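Notes follow once the structure below has been shown.
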Amino acid sequence: MKQVPTLLMKSLPLRCSMPPLSPSTIQQIASNQPKSKSKGGVAKVVLKKGKTQLFKDGNPMVYSGAVDRIIGKPPPKTGDIVLVADGTEKPIGWGMYNSVSMFCVRLMQLQHEATSDSLNMEKLLETRIDAAVELRRSLGLPSVDTNAYRLINSEGDRLSGLIIDIFGDVAVVASSAAWVEKYKPEIEACIRKIDYINHINWRPSVDILKEDGVDVSDLKEMHSNSTTCPERTKIMENGIAYTISLKGQKTGFYADQRENRQFISRISGGQKVLDICCYSGGFALNAMRGGALSVTGVDSSLPALELAKENVALNNMDPGRISFLKEDATEFMKGALLRDESWDVVIIDPPKLAPSKKVLHGASGMYRNLNSLAMQLTKRGGLLMTCSCSGAVTQSGIFLRILQGAASMAGRKITVLRQAGAACDHPIDPSYPEGAYLSNVLLRVS
């Protein structure tokens, strides 16, 4: 694996931060926007009385129930830039309008941040993506040991609806908002400025984009001209090499668990380790690197397991100490209990079981049952790392309660040793706590 260049951007000009202009800047800039017969000036979305503070504090998702009226003729269309104003019609910021979504505006900039470039989406994209590159550089990403990381984390990087993951020389763009599709050329232009990126893989989140009013039948044609991208690529994370499929789950690799996988390598020395829902072997390979006596990985996806086995060979690991089984997680654990098997360290990282709050109750039962089985497979005094990637579970704060219920079912006592979330390249805006989705809890099971 060649050393990652330290120079991140191709001859990017240095930007001096511009001082904020007068309080009426956004309104003045909007008033100076060119008008045409087909499109009037910049429309204004006026909020209901008492609904303003949430958005002044930074929450970018203006839901339709917070809107009192829209001023503008003709009315704005999806993808248009609009002002967002309080009940007195004084602007608090500007954002991208959507006439179909339950979120009618995604705020992009607040009034106090206004500069002469305000209401210019191309300039804002440049500024935000440059800032994200610099933030990751300050976090040591990329590095010689790790070249897989998240560059843009939607609301956490103040570009709601846009995710960009970097895998070596490939940038994978996950689009989940109509405005992202509209500004695809501008986004790709910013990505191409990153020195070591040679390919861009655009992956629209079709189901979410449907809800955002995007005609998904056009998406295939829209993205057919994207930079030719390989179906597979090699990456490095924490000094471990992986072959990943760019047609696989999500963007192709779960960079959010990087720090948690590294932790597993620190506690696996001399241990017998079980990795349930192992996907392409991330936790399992880290356990091997940490000196585990034996590692068993279980997943229901054959393509994922084929990648996992390939990754064992890629890292010259002893195939006699690590094995992968294609089986349903629940069925495997029930069978292992019947065989009276147990492990010193167990990891369970199931897929998202609660995609929304509506199904939270049912999903809680599934999480409880899975964790009860995992606890019974953990030797007394052993360690269980359990995860939930369901935002509804993490945001409701019920995961520990679910785990306590699982312990009662299993007849075990648990102690919480460590609580974590996504890696540091997945920033969260505290004004938008809905951005938190991953829970990772390390338990001592006795």
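The values are calculated or read from the model by the stated rules, or taken from the named source; none is laboratory data. All values reported here derive from a predicted model rather than from experimental measurement. All Cβ positions, glycine included, derive from the backbone under ideal geometry; neighbour counts span all protein chains shown. Remember, those area values only see protein heavy atoms, side chains included, never the ligands or the DNA or RNA. Shrake-Rupley method; radii C 1.70, N 1.55, O 1.52, S 1.80 Å.
Could you please find all residues in the stretch 151-178 being open to solvent by less than 30 Å² (accessible area, probe 1.4 Å), out of contact with any Ser or Thr (no Cβ under 8 Å at 6 or more places or on another chain) and not in a helix (DSSP H, G or I)?
LEU151, ILE152, ASN153, LEU159, ILE164, ILE166, ALA171, VAL173
Could you list all residues from the stretch 109-141 that are within 19 Å of the chain's Cα centre (by Cα) and open to solvent by less than 20 Å² (accessible area, probe 1.4 Å)?
LEU125, ILE129, ALA132, VAL133, ARG136, LEU141
For the stretch 280-296, what are the residues that are outside any helix (DSSP H, G or I), open to solvent by less than 10 Å² (accessible area, probe 1.4 Å) and either within 30 Å of ALA171 (Cβ to Cβ) or of a type in the set (Gly, Ala, Ser) (or both)?
Of everything in the stretch 280-296, those that are outside any helix (DSSP H, G or I), open to solvent by less than 10 Å² (accessible area, probe 1.4 Å) and either within 30 Å of ALA171 (Cβ to Cβ) or of a type in the set (Gly, Ala, Ser) (or both) turn out to be SER280, GLY281, ALA292.
State yes or no: is TRP94 more than 16 Å from the chain's Cα centre (by Cα), over 20 Å from TYR242 (Cβ atoms) and crowded, with 20+ Cβ neighbours inside 10 Å?
Yes.
Just to be sure I understand, how many residues within the stretch 249-279 are open to solvent by 20 Å² or more (accessible area, probe 1.4 Å) and assigned to a loop (DSSP other than H, G, I, E, B)?
Number of matching residues: 8.
Give the residue, chosen from PRO303, PRO230, that is assigned to a loop (DSSP other than H, G, I, E, B) and not aromatic (Phe, Trp, Tyr).
PRO230
Quick grid of which residues meet (1) more than 30 Å from GLU237 (Cα to Cα); (2) of a type in the set (S, T, N, Q); (3) at pLDDT 95 or above:
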position	(1), (2), (3)
GLU310	no, no, yes
LEU325	no, no, yes
ASP328	no, no, yes
LEU337	yes, no, yes
ASP349	no, no, yes
LYS357	yes, no, no
ALA363	yes, no, no
ALA374	no, no, yes
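Any residue at all in the stretch 69-85 that is of a type outside the set (A, V, I, L, M), surrounded by 17 or more Cβ atoms within 10 Å (Cβ to Cβ) and touching a Leu at 6+ places or on another chain (Cβ under 8 Å)?
no
Which of the residues that make up the stretch 179-213 are of a type in the set (Asp, Glu), open to solvent by less than 30 Å² (accessible area, probe 1.4 Å) and either assigned to a helix (DSSP H, G or I) or touching a His at 6+ places or on another chain (Cβ under 6 Å) (or both)?
GLU181, GLU188
Restricting to the stretch 86-109, give me the number of residues that are touching a Lys or Arg at 6+ places or on another chain (Cβ under 7 Å) and either of a type outside the set (A, V, I, L, M, F, W, C) or within 26 Å of LEU209 (Cα to Cα) (or both).
5
Of the numbered conditions (1) outside any loop (DSSP other than H, G, I, E, B); (2) touching a residue at least 24 places away in the same chain (Cβ under 8 Å), MET317 satisfies every one except a single condition; which is it?
Answer for MET317: the failing condition is (1).
Somewhere in the stretch 309-326, is a residue in contact with a strand residue (DSSP E or B) (Cβ under 9 Å, 6 or more places away or on another chain), open to solvent by less than 20 Å² (accessible area, probe 1.4 Å) and farther than 24 Å from GLY270 by Cα?
Checking the stretch 309-326: not a single residue is in contact with a strand residue (DSSP E or B) (Cβ under 9 Å, 6 or more places away or on another chain), open to solvent by less than 20 Å² (accessible area, probe 1.4 Å) and farther than 24 Å from GLY270 by Cα.
Restricting to the stretch 395-446, name every residue that is under 30 Å from PHE103 (Cα atoms) and of a type in the set (Ser, Thr, Tyr).
Within the stretch 395-446, SER396, SER431, TYR432, TYR437, SER439 meet the criteria.
Counting only residues that are of a type in the set (A, V, I, L, M) and touching a residue at least 40 places away in the same chain (Cβ under 8 Å), which one in the stretch 285-314 is farthest from ALA374 (Cα to Cα)?
That would be LEU314.
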